[in-house]
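First comes the structure, then the notes that go with it.
The values are calculated or read from the model by the stated rules, or taken from the named source; none is laboratory data. A quick note: this is a predicted structure, and the numbers were derived from the prediction, not measured. Using ideal geometry, Cβ is built from the backbone for each residue, glycine included, and neighbour counts are taken over all protein chains shown. Note: areas computed on protein heavy atoms with side chains; ligands, DNA, RNA excluded. Shrake-Rupley method; radii C 1.70, N 1.55, O 1.52, S 1.80 Å.
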Amino acid sequence: MRKLDIHKFKIKDVKLLLDVNSGALHIIDDIIWDILDCSSNPLEENIFLYLKDRYEKSAIIEGQEELIKLKNKGLLFTPPHKFPTIHEVEFLPVKAICLHISHDCNLRCRYCFAKTGGFGRKRSHMSLEVAKSAIDFIADNSGSRRNLEIDFFGGEPLLNFDAVKSAIERAKEIEHEKDKNFRFTLTTNAVLLTDEIIDYLNEHNISLILSLDGPPEINDLMRVKPDGSGTYYEVLPKIKKAIFSREEKNYYIRGTYTKKSLNFSDTVIHLADEGFKNISLEPVVSSDKDYSIKKSDIPFLEREYEKLVEIYMERLKGGKTFNFFHFNMEIFRGPCLSRRLKGCGAGTEYMAVTPKGELYPCHQLVNYEDFLLGDIYNGIKRHDIRKTFHKTTIFEKENCPDCWARFFCSGGCYGNAYSMNKDIRIPDETGCALQKKRIECALAIQAMIKRDNIKWRGAFL
Amino acid sequence: KKHIDTITISAYGKMLGCGECKTSC
């Protein structure tokens, strides 16, 4: 008998059953849970023999009949899809670039994957000319794609704000010349935010990603200045000014939790109570430091995500809702197949541009010179690298083809995989376990929202 | 008598390609 491609899990008081191939999601009761537990064929006639001490025979048969009805409707035990093979194509459009506006930083955060801003190289800024030429590069290489994205990143991009302005100026010209639509995002540690910069960011509708790890005793452990002093009390008022000046829209507070701050649900509460409504906390990606998260921490962290579900639902019902990035999920109108198979599009439709104009598959892989694709002036030279990314779908990754979460996580982050395993096809094991837990939580939240008829304002950004 | 409550017939939405959506990360 073919292995049943289903996944059942409990969050709070809710038991859920996901039919992996169809995506059908069901809330189930104890009888169904136990029927599915006691045999590889839950529809076989003698199941009641295993469960007769716990349930009436009629209830067990009734449960099995419901399972059969769902199977016949194509909502349970469905066979795998036959997906088209990913073929090599002549032209792959680029639709998003991450501009490394500065390979320098005014902070020395201990966990920084950019090696405190310089990516292990000589500290440098992107020139105005490179910033403009990068915009020309994406416009010339985007084919028929109309919606294009520019991320301003670093290091710290506010150290070189003229280059940000230069890129935006060029993008606005191209919007008129070539009927393109640019969207902008800027990631900052907030130290250099001024009224003038905040006004500019708001006027140009730039989404903001603001780095803050939580209360001072957590934030200032890792996010420090060159002299080792903390940053919380300096950046908090600037962050608040920035988000309240834009009517609390179009931003995320982006924090990192580490081995030293595993109880991150308390951190989320702290941030929510500070008035932040869009919050993201990510586990640090690192393997050999005193702050690295270990495999043995996973059970504790899974309980933290469940605690966060409880807090999230309480506040949702009480009207004091906040938005947690990893609980965002659209189960009625989600992304289409091509995105689910490949995720972020690193190396194909998404690339990073260094201050010199070099092209890399993503902002995290700038750390590794083996991934140098080419540059914005001469185009892509390493088509072999690009083809590898193009063909690395969830079906090419280790453990992903049979994983229940494959159509939700899209195989995880290439950068994290390479950072931890030196292979973009081998997902980071700890990150993978936590991502699966977050998906379970997000599905449970959506199920509870529908079951209890709660108004949900939808995912943001 | 109801043991199963179907929340959605597909949590993948209309999964089954124009590329105009926002990049994920």
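Structure values in brief
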quantity: Count of residues meeting criterion [open to solvent by 20 Å² or more (accessible area, probe 1.4 Å), within 14 Å of chain B (Cβ to nearest Cβ) and charged (D, E, K, R)] in segment A:329-367; calculated: 5
quantity: Where a residue in segment A:335-355 is over 12 Å from A:Ser410 (Cβ atoms) and its partner, wherever it lies, is open to solvent by 10 Å² or more (accessible area, probe 1.4 Å) and part of a helix (DSSP H, G or I), with Cβ under 6 Å and at least six apart; calculated: A:Gly347/A:Arg386; A:Thr348/A:His390
quantity: Failed item in (1) within 9 Å of chain B (Cβ to nearest Cβ); (2) open to solvent by 40 Å² or more (accessible area, probe 1.4 Å), with A:Asp370 passing the rest; calculated: (1)
quantity: Residues that are over 29 Å from A:Gln64 (Cβ atoms) and modelled with pLDDT of 80 or more, drawn from chain B; calculated: B:Gly13, B:Cys18, B:Gly19, B:Glu20, B:Cys21, B:Thr23, B:Ser24, B:Cys25
quantity: Residue in segment A:241-274 that is modelled with the lowest pLDDT, counting only those that are open to solvent by 50 Å² or more (accessible area, probe 1.4 Å) and part of a helix (DSSP H, G or I); calculated: A:Phe244
quantity: Residue ID - farthest from A:Pro283 (Cα to Cα), chosen from residues in segment A:417-428 that are surrounded by 21 or more Cβ atoms within 10 Å (Cβ to Cβ) and in contact with a helix residue (DSSP H, G or I) (Cβ under 6 Å, 6 or more places away or on another chain); calculated: A:Ile424
quantity: Residue list for segment A:275-303, filter: part of a loop (DSSP other than H, G, I, E, B), open to solvent by less than 10 Å² (accessible area, probe 1.4 Å) and of a type outside the set (S, T, N, Q); calculated: A:Phe276
quantity: Flag if A:Ala114 is more than 14 Å from chain B (Cβ to nearest Cβ), of a type in the set (A, V, I, L, M, F, W, C), more than 25 Å from the chain's Cα centre (by Cα) and on the phi < 0 side of the Ramachandran plot; calculated: no
quantity: Close pairs from segment A:183-208: first modelled with pLDDT under 95, partner in a helix (DSSP H, G or I), Cβ under 6 Å, at least 6 apart; calculated: A:His204/A:Ile168
quantity: A:Ile385, sole failed condition from (1) modelled with pLDDT of 95 or more; (2) assigned to a loop (DSSP other than H, G, I, E, B); calculated: (2)
quantity: Which listed residue is touching a helix residue (DSSP H, G or I) at 6+ places or on another chain (Cβ under 9 Å), within 14 Å of chain B (Cβ to nearest Cβ), within 26 Å of A:Ile331 (Cα to Cα) and among the basic types (Lys, Arg), from A:Lys69, A:Lys12, A:Lys8; calculated: A:Lys8
quantity: Selected residue (only one of A:Leu76, A:Leu17, A:Leu43, A:Leu49 is facing chain B (nearest Cβ under 10 Å), at pLDDT 85 or above and either assigned to a loop (DSSP other than H, G, I, E, B) or open to solvent by 40 Å² or more (accessible area, probe 1.4 Å) (or both)); calculated: A:Leu76
quantity: Every residue from segment A:290-317 that is more than 18 Å from A:Thr267 (Cβ to Cβ) and modelled with pLDDT under 90; calculated: A:Lys294, A:Lys295, A:Lys317
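The rows are residues; the columns are (1) of a type in the set (Ser, Thr, Tyr); (2) part of a loop (DSSP other than H, G, I, E, B); (3) surrounded by fewer than 16 Cβ atoms within 10 Å (Cβ to Cβ).
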| residue | (1), (2), (3) |
| --- | --- |
| A:His390 | no, no, no |
| A:Asp402 | no, yes, yes |
| A:Thr430 | yes, no, no |
| A:Met448 | no, no, no |
